[in-house]
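The values are calculated or read from the model by the stated rules, or taken from the named source; none is laboratory data. On a predicted model such as this, the values are computed, not experimentally measured, just so you know. In this analysis, Cβ positions are derived from the backbone assuming ideal geometry, glycine residues included, and neighbour counts consider all displayed protein chains. These accessible areas exclude ligands, DNA and RNA; they are computed on the full protein's heavy atoms, side chains included. Shrake-Rupley method; radii C 1.70, N 1.55, O 1.52, S 1.80 Å.
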Amino acid sequence: MSFAQITTQRHTAPPDMASTDRRRAVIVLPAFNEQASLPPLLESIEQSLAGGALEYQIIVVDDGSTDDTALVASNASFRLPLQLVQHGQNQGLAAAIRTGFAAAVAEAGPDDVIFTMDADNTHPPGLMPRMMGLIAEGHDVVIGSRYQHGSRVVGVPLHRNLLSLGARALFTLSFPIAGVRDYTCGFRAYRADVIARALAEYGDSFVTEKGFSCMVDVLLKLRRRGLVMGEVPMILRYDQKGGASKMRITKTAYDTLKLIARRRLRGTK
């Protein structure tokens with residue numbers, strides 16, 4: 001990797017337990033000060049994927065946390081297939097996603113599925129088998145969506161809802177993608193070779209936008225590849241969030257408008 005001050009710790013299944021003919025889920029969790037949210041999220045992932053029906057690997061990217069996020073992940077690695085990647089200092093969500101993608105591509109086979117999800121316990125791991133199913137049916141990217149029939153949003157402040165709705169309208173008009181309504185949600189499943197090829201083409205510039213708009217940037221760069229994308233309805237449980245939101249509303253709105261203007265002027269490259 002090209003990222004400075006990164007250390008890793010990992011635990012994987014013994015060789016005799018590994019299966020080479022089964023599709024695996026490689027789950028990237030960018031985390032900054034998530035010591036309260038990470039334990040219930042990891043437990044939920046374990047419960048949702050228990051029983052051996054779906055093999056998985058968790059990659060926690062600790063982005064310079066000042067709490068015990070790294071310790072929580074390290075302790076969990078003794079009982080879960082979990083790799084801890086640490087930034088020496090906080091670099092932001094885009095850097096954490098870049099690191100997570102690089103680690104996931106190094107870990108995954110071409111037929112595996114790379115997931116990204118928030119580490120604050122607001123995204124439901126129970127959706128992952130369904131998302132994996134859609135990948136198996138032919139999708140390249142599957143998004144956990146707040147805007148499909150059957151989705152619900154619990155505990156999200158009104159101003160956050162308004163921001164998300166506004167972003168959805170702007171991106172749908174400016175950059176329509178067949179099958180996509182939720183451009184900003186970070187709970188996604190990608191066919192592993194899609195991310196591998198994007199990293200090969202873009203390198204570190206695959207994820208460049210600062211803050212939460214980096215997830216939109218990823219989607220827009222994949223949009224030009226003619227991929228098959230789809231969504232599953234998601235129940236966003238903001239009431240289960242372990243701490244205060246890290247999103248700065250004014251800055252996120254400003255960054256989103258800048259991203260739209262830039263992409264409209266220069267294209268998606």
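If the condition is being at pLDDT below 90 and within 13 Å of residue 85 (Cα to Cα), then the stretch 3-52 contributes 3, 4, 5, 6, 7, 8, 9, 10, 11.
So residue 213 fits all but one of (1) assigned to a strand (DSSP E or B); (2) open to solvent by less than 20 Å² (accessible area, probe 1.4 Å); what number is the exception? Among (1) assigned to a strand (DSSP E or B); (2) open to solvent by less than 20 Å² (accessible area, probe 1.4 Å), the lone unmet condition for residue 213 is (1). For residue 81, are the conditions met, namely being at pLDDT below 95 and either buried (at least 20 other Cβ atoms within 10 Å of the Cβ) or in contact with a strand residue (DSSP E or B) (Cβ under 9 Å, 6 or more places away or on another chain) (or both)? For residue 81, the condition - at pLDDT below 95 and either buried (at least 20 other Cβ atoms within 10 Å of the Cβ) or in contact with a strand residue (DSSP E or B) (Cβ under 9 Å, 6 or more places away or on another chain) (or both) - is not met.
Taken over the stretch 210-228, the residue count meeting the criterion of being within 16 Å of residue 145 (Cα to Cα) and more than 15 Å from the chain's Cα centre (by Cα) is 1. The set of residues in the stretch 85-105 being touching a Lys or Arg at 6+ places or on another chain (Cβ under 7 Å) and crowded, with 21+ Cβ neighbours inside 10 Å consists of 94 alone. Output yes when any residue across the stretch 65-87 is assigned to a loop (DSSP other than H, G, I, E, B), within 27 Å of residue 154 (Cβ to Cβ), in contact with a Leu (Cβ under 7 Å, 6 or more places away or on another chain) and of a type outside the set (Val, Ile, Thr), and no when none is. Yes - at least one qualifying residue is present in the stretch 65-87. Considered as a group, the residues in the stretch 205-264 that are among the polar types (S, T, N, Q) and more than 15 Å from residue 117 (Cβ to Cβ) include one that is modelled with the lowest pLDDT, and that residue is 245. Exactly one residue among 141, 85, 60 is in contact with a Ser or Thr (Cβ under 7 Å, 6 or more places away or on another chain) and under 22 Å from residue 211 (Cα atoms), and that residue is 85.
Among the residues making up the stretch 140-178, those that are surrounded by 16 or more Cβ atoms within 10 Å (Cβ to Cβ), touching an Asp or Glu at 6+ places or on another chain (Cβ under 9 Å) and of a type in the set (Gly, Ala, Ser) are 144, 145, 151, 164.
Listed by position, the strands (runs of 3 or more DSSP E) enclosed by the stretch 109-184 that each have at least 1 residues that are farther than 25 Å from residue 196 by Cβ are 152-154. Looking only at the stretch 186-219, residues that are of a type in the set (Val, Ile, Thr) and under 17 Å from residue 230 (Cα atoms) come to 4 in all. Of all residue pairs spaced 6 or more apart or on separate chains, those with beta-carbon atoms under 9 Å, a first member in the stretch 144-170 that is of a type in the set (Phe, Trp, Tyr) and a second member that is in a helix (DSSP H, G or I) and open to solvent by 40 Å² or more (accessible area, probe 1.4 Å) are 147/165; 147/168.
Pairs are defined by a Cβ separation below 7 Å, a sequence spacing of at least 6 or placement on different chains, a first member in the stretch 121-139 that is at positive phi, and a second member that is assigned to a helix (DSSP H, G or I) and open to solvent by 30 Å² or more (accessible area, probe 1.4 Å); the pairs so defined are 121/40; 121/240. The residue that is modelled with the lowest pLDDT, counting only those in the stretch 179-201 that are hydroxyl-bearing (Ser, Thr, Tyr) and open to solvent by less than 30 Å² (accessible area, probe 1.4 Å), is 183.
Take the stretch 106-117 and flag every residue that is crowded, with 22+ Cβ neighbours inside 10 Å and not hydroxyl-bearing (Ser, Thr, Tyr). Correct list: 108, 112, 113, 114, 115, 117. Selection of first residues in the stretch 171-195 that are free of Cβ contacts under 8 Å to residues at least 40 places away in the same chain and of second residues that are assigned to a loop (DSSP other than H, G, I, E, B), restricted to Cβ pairs under 8 Å at least 6 apart or on distinct chains, gives the following pairs, ordered by first then second residue: 172/181; 172/183; 183/175; 183/177.
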